Each structure stands twice: as structure tokens, then as C-alpha cells.
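See structure below.
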4 protein chains.
Amino acid sequence: MRYGIVGAAGRMGGEIKRAFAAHELCYSLDLDGERVDGTPQVLLDFSLPSALPATMEAVRRFGCALVVGTTGLSDDQIGELKKLGDSAAVVQSFNFAAGVTLLRMILRDFAPLLSDWDLEICETHHNKKKDAPSGTAIMLRDATGRDCPTHSLRVGGVPGDHSAVFANDGEVLTLSHRAISRSVFALGALKAAEFAAEAAPGFYSFEEVLSCGRRR
Amino acid sequence: MRYGIVGAAGRMGGEIKRAFAAHELCYSLDLDGERVDGTPQVLLDFSLPSALPATMEAVRRFGCALVVGTTGLSDDQIGELKKLGDSAAVVQSFNFAAGVTLLRMILRDFAPLLSDWDLEICETHHNKKKDAPSGTAIMLRDATGRDCPTHSLRVGGVPGDHSAVFANDGEVLTLSHRAISRSVFALGALKAAEFAAEAAPGFYSFEEVLSCGRRR
Amino acid sequence: MRYGIVGAAGRMGGEIKRAFAAHELCYSLDLDGERVDGTPQVLLDFSLPSALPATMEAVRRFGCALVVGTTGLSDDQIGELKKLGDSAAVVQSFNFAAGVTLLRMILRDFAPLLSDWDLEICETHHNKKKDAPSGTAIMLRDATGRDCPTHSLRVGGVPGDHSAVFANDGEVLTLSHRAISRSVFALGALKAAEFAAEAAPGFYSFEEVLSCGRRR
Amino acid sequence: MRYGIVGAAGRMGGEIKRAFAAHELCYSLDLDGERVDGTPQVLLDFSLPSALPATMEAVRRFGCALVVGTTGLSDDQIGELKKLGDSAAVVQSFNFAAGVTLLRMILRDFAPLLSDWDLEICETHHNKKKDAPSGTAIMLRDATGRDCPTHSLRVGGVPGDHSAVFANDGEVLTLSHRAISRSVFALGALKAAEFAAEAAPGFYSFEEVLSCGRRR
């Protein structure tokens, strides 16, 4: 797969290059200009909202697919990406961790069948993390459709653990996710890029990328 | 709810009476005969295959629903229960633990989306358990559609833990079930009885009982 | 081992009889009087403070050992038990769960070596439990000599889980205890009785019973 | 603290520099020669056995302490380090992960008190790891003095989890270690260097470094 990166010099750009080691980087766009070594099949943008117009222009120019993980996009910008989906395969998400996304899907599908079980959520992060509960814990709780107690441990250098603990009088069902490293997001981006490079034009969520195994 | 028990004097009969404490026991059938104190809305049979004819006769007599958890039923007997489903609500399953059943459903639905993750199954039971892996571990592995390594710990008096561990380079997703006590099965029977007492005639699985929250 | 029970008719009396099935019950003392079928080597009292005088009289009469797990003993009563220790082996504790006691010992010995690690305690109990954190969690925290955050989950019918989670930038060390059933306390009493039946006169803690493997 | 590194250009050298960011690097020794910017209080050598003579010469020249984590040292080399301990504080270990070392100490101290509990060990590592059980699992099992079943999961990118699971009829006691990152070893080296810089001459193990909190 030939791919391009917007924000190649940034931290996430570096992660992407590592995760895409088996593929060919043929385009990069940074503050100091663009570098074109070929025609990418897919472009990845995990940079800043201000970069989006240049990114979309490049997608149109190359006739390629797009994976966008930029946070802080406005509703207008999301609207423009949807329009771009008429002519290109566009995958957009604010979280490209596959495991977290799958756990959210499981909770959304199965929490209704566990409505007569007690539920509490537990998450553990490094001691530098200021907010509690974590954004991911809130997202998972929202997926259950329930307002349950949430416990936040802040210890050492833990990258991020999340557990949803369901229990009734005779059983405990625990659904847990643990992040090992930051490469998580780049691996999710790789999955999305492989999907987008093959997909028909459209505006896709990361859930749809992950679910494509289901539909086959 | 007015209910009846076949095999009221057995261990499972005792568990059911405890779990159904809020309901009215008005019929029981045992080796030493039957005792009728009213018309049950639902009959529960967790006894032996040989009791099934008498059970089915009672269901027809009372025009009530049936929950059958008897193990070792023959294909012919299952066929007769299906026929009974034409005129009565019949719930039949070999395992009435809700958590195990839900975990199996989660694995069946989501393992295809985790096909590029590694998977191993780990189970822990008391040191009296002879077989390994446990029947439940095999059932869960079958639900994933994958032939993965399975680890069996046999220590102390653990009633039964099962975990499916999925991992890729950056994340671990662990789906775990833990049995607390034997009341599990009676609680599942209660759920099935409440469902059956209200349901239209039909032959239902325990999965369908648990899924009815989903359809509403 | 020939043993006797004070409060044989109570719940804990029943648990003790089950745990001591391999031994010979030859004495019992209850509200309705005593029953003597032989000379016990050790007497067990897990009843009420008001029973202590009769218990101590019986220990002196039989020249036997004593295991006391009665809660709510006064300082005066503890003093009298210590005096009894001059002529009999007396084991006294307010908690005969071996695992909890061992975890407390581990935390007391090793928390000083983990002083530069973060520490949080997590405990899970059934939803009927009113107090939080649990008495055991407080006892374990005290054993660490640190005032750390404690999280209490109250879900389903969980008998009681406790974890001490230590973490630094590169590692997590988790020390966990899980109660499976109420037989825990009777099993601890058995261990104490076996110790007391062989021990020289003295006033012993349950820790000393558990540590005797160490000293040998 | 002023410190020096033997093998500064290697991977472990880089880790040490990160972990020692608050301290002053004033000496380095590499294949391409040495660089002296001051007199180190402690020298760290996590390189190759062949470097040891030059390392020991530098320790004598500077009159400084030494922390050695080199693997594959011969008995003769260990003997020379012990002799060096007559005039300098020398800390030598083959594993500078504090948590693993503490878990080994806990198991060595407490396994004898758990001799009537069942025990199994479970470890999880990334799928690139060829050996099973892991060297650490074997070391922990040796520390228990028991020959227990050991289970090895090989999934995804897990850096390394180890659990010792003790259970009797009523309780489960689980002692677990989890590595978060490779910085573990450099953090242990830092702890050892801080100890050595202050210590009297002697030949110390990493256990003694970790235990010094106990003696205070």
C-alpha cells in the first residue's frame, strides 16, 4: 500500500511510520511544505483541525482515500468530510484504539441484557493523569446506557486499564481492556487505511472498519 | 407467580425454592407422588429424563408453561418438547447460568471482529474437578470459532472462573466469567419461568429468554 | 483429635462440625446444657462473650487447649484468657481467615520496601453490605502503615475480594485475596485447633499459628 | 549524584540516561574510548562481561561505587567483584526489576506458611517470546520451594505478567506482577546507584538495596 501522512514530523506521524513499516510512504505534508514521491492510495491525517483544508485538497488531487483521526474537528468540518465521502472513501473517528471501540460495541449490544445485574466501572491510569474518570470510562459508561459508580485509580505509569464489572447473586461478568502502548492508535490507523484503500466511496466510522469482518 | 416443581425433594429443587421465595409453590411431583395446592402458571423440571413424560402430562393438564433444565435428554425427547411448544411456552436449555450464556453470545458475535488478535482461554476450578478443560471452556472456545490454547488451573475450592484473553501488539481485551455459587442455575430458572409465564406458546432457548430485553 | 464446641447449635458451630468431619466431637455446650461423651483435647468457642466463663471452666476441668474466635470480648476477658495461657494452650483471634491474615502479614513486612511506589486498595463485596470500606480493607490499609485511597465496589453476591495495588513507572504489583465461602473461618479454626492440641501452654495469636511453618 | 556509564551508547545506556535525568552524567566508557567530565560517585555497567576489567579499573581510579547488571558474568568475575567490595560499594544482580525481586522475596518468606494451599503459576508474554515458562516464572517457582504447574500464555505484545495463585477450600490468594515498560530495569539501577553512592564498602545484592527500607 502506498500511503501519505499529514503531520509526518509529529509524534503520531512517527508512530504511524513505525506501524506502516511494511508499506510505502510516498507523500508527506508538514508545516514546511509537501514532499511528493508518488501517488498515495490513502492519506492519513492525525494532526490539527487547521490542516484539514490542505488534506482534503490533496485527497481530491490524488483521487485517494482518507483516514482522519484529528481531534477537535468542528461540526462544519465533519460535514465537509461527509461531502468528501461522495467521491472518496473517508474513515473518521476520534479514537482509533480497536479494543476500546470493540468494548464499547459489546457494552452497547449486551448491557440491555444485563439490566438486572449490578454494574460498576473501574479504571486505572498513571499518576500524571489529571482527569477522573477518564474520557474512555465515560464513553464506556455511556455505551451501557446506565449511570453506574465509577472508580479511578491513579498509580505509577499504568497506560490505561478499564473494566466493566457486572454481578448478580451468583455470577460476575467482567469485561476489561488494557492498553499496552501508544502504538495502539497507529495500529488502528493501519487497519482503517487498509480498509479505506479497498472501500467504495463513503463516510465510514472506525466501528464500520472493525465490523467489516462481521459482514463478510 | 404460581409455580410447580418436578423433583422438589432434590438438591436443585431446594435451590429453586430458595430462588423463588417471592413466588407461590402450588404443585410438586416427586417419586412418592404429586401434591396439588392450586394451578401453576409454570412448571420447572430439573430432574431426570425419566420424569419427562409425567412432566409433559402435567403441563397439558394445567395448561401451563414449562422450564426444562434436565440434562441427558434424548433427541426424541427434545422433539416431543418442541411439539409441546405448539400449545405451551417451553424453555429448554442444558445450562441456565445467565453469565456463561451471555459470554458465549458475546464471543460468538465479536470473535469474528477480533480475528487478527491472539486468543487464549484460561479457566480455574476446584481441585476435585477431574476433567480439563472444563465443558464450559470448550463451549466458549467453540463460540469463538477458533482453536486456541486453553489453560486449566485446579486449585482449592474455586467454583469456576473462565477468561477469554484477546491481545494484539498494543491492547489486551479480557472477557471473564466467575461463578460465585450454585444458586446461579436457580436464578436462571427464575428468569426463564418469569419469561415463560408471560410468553406465547413456542419452544424457546435460554438465549432467547436473555435476549428478550434486547427486542423490547 | 477429640474436640468440643461451645455454641454447637449455632451457624458457626455447624460450619465447625463440617470442617472437623475427620475428628471426634466429644463435648458440646449450649444454652440447654452440656453433653459430655469423652475428654476433648481442644475446645472451640466462637459464640458470645457471655459464654466465656463456662468455656474457661471447662478448659480447666478437662485440662485441654482452647481456640476462641468470639468477637466483642472485653479487655478484661482478654486478660483472663492470657492468664489461662499459663496453664493451657490458648489461641485467640478476631479473624480466623488464614488468607486475610497472611495478606496482612505480607503487607506489614513488605509495604516499607514499597514506600516509593503508589498504593491504592480496591475491595468488592455483595450489594447488601452497608459499610464501606470494609473492616478488612481498613485492617489491610493499617498494615501498610499508609493512608492510601480505597475503592469499594458493591455488586451482586460477591463474598469479598480485596486487592492492594502498588505501582511505579515501570511495574505493577498486586496482592489480592478472594473469599470463596464462609467455610473459611471454620478451616482457620481447624488449623488453630490442630496447633493448640500440640502446643505448650501459652497465649497465641492466629498469626503465630500460621507462622509455625516458618519457625520449624 | 554524579554518575558514569559503561556502554553509554547501547540500548540500556539510553534507558539509564533517561531514568537518571535528574543526575549528572560525568563519565562514559564505550568501544570508542572514554570521556571524562568529572569524578563520578557511582559507575553503572550493564554491558558485556568483556568490559568488566576496564570497569573495575575505573572504579579503583575514581574511588567510586559500582552497580553491575551485566548478564553472563563468570564465577571468577563474580569473585573479583566480591574482592572489589573490600574497598568499594558494589551492587551486583542479574535482574534489576524491583517488583519481580520483591515478589520473589514475598514468595520465599510466605510460601512455607501456605504449604497446605494449592499453588499454580500463570505467566503471560508477547507472542514473539520463544521460551516457556519464562525465566522469571521459573525463578518465582524456585522461590516457593515447590514444584507447581505453570501456565504460559503467549499473546499480542504483553511485556510480561506473572501470577502465583494460592487457593484452599475457602480462599484464593493471588500475588501478581506486571511489567509496564523496559524502563523498569533502569529505575532499579537508579535505586541501586542511590544506595551505592551512600553505602559503606561491601558486595551487595539488589535484594539488600530494596531491603534497606526495612532496616531503617
> Which is in contact with a Pro (Cβ under 8 Å, 6 or more places away or on another chain) and either buried (at least 21 other Cβ atoms within 10 Å of the Cβ) or not assigned by TED's automatic domain parsing to the domain that holds A:Pro159 (or both), of A:Leu66, A:Leu73, A:Leu103?
Replying inline: A:Leu73
>> Within the stretch D:41-99, considering only strands (runs of 3 or more DSSP E) that don't extend past its boundaries, which have at least 1 residues that are of a type in the set (Asp, Glu), free of Cβ contacts under 8 Å to residues at least 60 places away in the same chain and farther than 22 Å from D:Ala179 by Cα?
In response: D:42-45
> Does at least one position in the stretch A:139-156 carry a residue that is surrounded by fewer than 22 Cβ atoms within 10 Å (Cβ to Cβ), assigned to a loop (DSSP other than H, G, I, E, B), on the phi < 0 side of the Ramachandran plot and among the small types (Gly, Ala, Ser)?
Replying inline: no
>> Going by what's in this entry, would B:Ala8 be described as within 22 Å of A:Gly170 (Cβ to Cβ), in the same structural domain as B:Ala88 (by TED's automatic domain parsing) and either over 21 Å from the mean Cα position of the chain (by Cα) or loosely packed, with under 14 Cβ neighbours inside 10 Å (or both)?
In response: no
> Among B:Leu140, B:Leu103, which is the only one that is at pLDDT 95 or above and closer than 30 Å to C:Ser183 by Cα?
Replying inline: B:Leu103
> Exactly one of (1) surrounded by fewer than 24 Cβ atoms within 10 Å (Cβ to Cβ); (2) in contact with a helix residue (DSSP H, G or I) (Cβ under 8 Å, 6 or more places away or on another chain); (3) in contact (Cβ under 8 Å) with a residue 12 or more places away in the chain; (4) more than 20 Å from A:His23 (Cβ to Cβ) is unmet by A:His162. Its number?
Replying inline: (1)
>> Could you check the stretch C:22-34 and list, in sequence order, the residues that are modelled with pLDDT of 95 or more and surrounded by fewer than 16 Cβ atoms within 10 Å (Cβ to Cβ)?
In response: C:Ala22, C:Glu24
>> Residues that are away from chain C (no Cβ under 14 Å), at least 3 per element: which strands (runs of 3 or more DSSP E) completely within the stretch A:157-216 meet that?
In response: A:202-204
> Which members of the stretch A:148-188 meet the condition of being over 15 Å from A:Glu123 (Cβ atoms) and at pLDDT 95 or above?
Replying inline: A:Phe166, A:Ala167, A:Glu171, A:Val172, A:Leu173
>> With the structure loaded, tell me whether C:Asp131 is more than 24 Å from the chain's Cα centre (by Cα) and more than 15 Å from C:Arg104 (Cα to Cα) or whether it fails that test.
In response: no
> Are there any pairs with C-beta distances below 8 angstrom linking a residue in the stretch A:110-132 that is within 7 Å of another protein chain (Cβ to nearest Cβ) and touching a residue at least 24 places away in the same chain (Cβ under 8 Å) to a residue that is polar (S, T, N, Q) and surrounded by fewer than 17 Cβ atoms within 10 Å (Cβ to Cβ), with the two at least 6 apart or on different chains, and if so which?
Replying inline: A:Asp118/C:Asn127
>> Quick test for you: out of C:Gly135, C:Gly157, pick the one residue that is of a type outside the set (S, T, N, Q) and in contact with an Asp or Glu (Cβ under 6 Å, 6 or more places away or on another chain).
In response: C:Gly157
>> Against the conditions (1) at the interface with another protein chain (Cβ under 10 Å from one of its Cβ atoms); (2) within 30 Å of D:Pro149 (Cβ to Cβ); (3) more than 16 Å from the chain's Cα centre (by Cα), where does B:Gly99 fall short? Just the number, please.
In response: (3)
>> Regarding the stretch C:144-161, can at least one residue be identified that is outside the structural domain of C:Gln41 (by TED's automatic domain parsing), of a type outside the set (D, E, K, R), under 27 Å from D:Gly188 (Cβ atoms) and touching a Gly at 6+ places or on another chain (Cβ under 9 Å)?
In response: no
> Could we say that D:Asp116 is surrounded by fewer than 20 Cβ atoms within 10 Å (Cβ to Cβ), in contact with a helix residue (DSSP H, G or I) (Cβ under 9 Å, 6 or more places away or on another chain) and at pLDDT below 95 here?
Replying inline: yes
> Got a sec? Which of C:Glu208, C:Glu171, C:Glu198 is farther than 26 Å from C:Arg11 by Cβ and in contact with a strand residue (DSSP E or B) (Cβ under 7 Å, 6 or more places away or on another chain)?
Replying inline: C:Glu171
> Are any residues in the stretch C:2-40 within 15 Å of C:Lys191 (Cα to Cα) and among the aromatic types (Phe, Trp, Tyr), and if so, which ones?
Replying inline: C:Tyr3, C:Phe20
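The values are calculated or read from the model by the stated rules, or taken from the named source; none is laboratory data. Note that this is a predicted model, so its numbers are computed, not measured. All Cβ positions, even for glycine, are placed from backbone atoms using ideal geometry, and neighbour counts span all protein chains on display.
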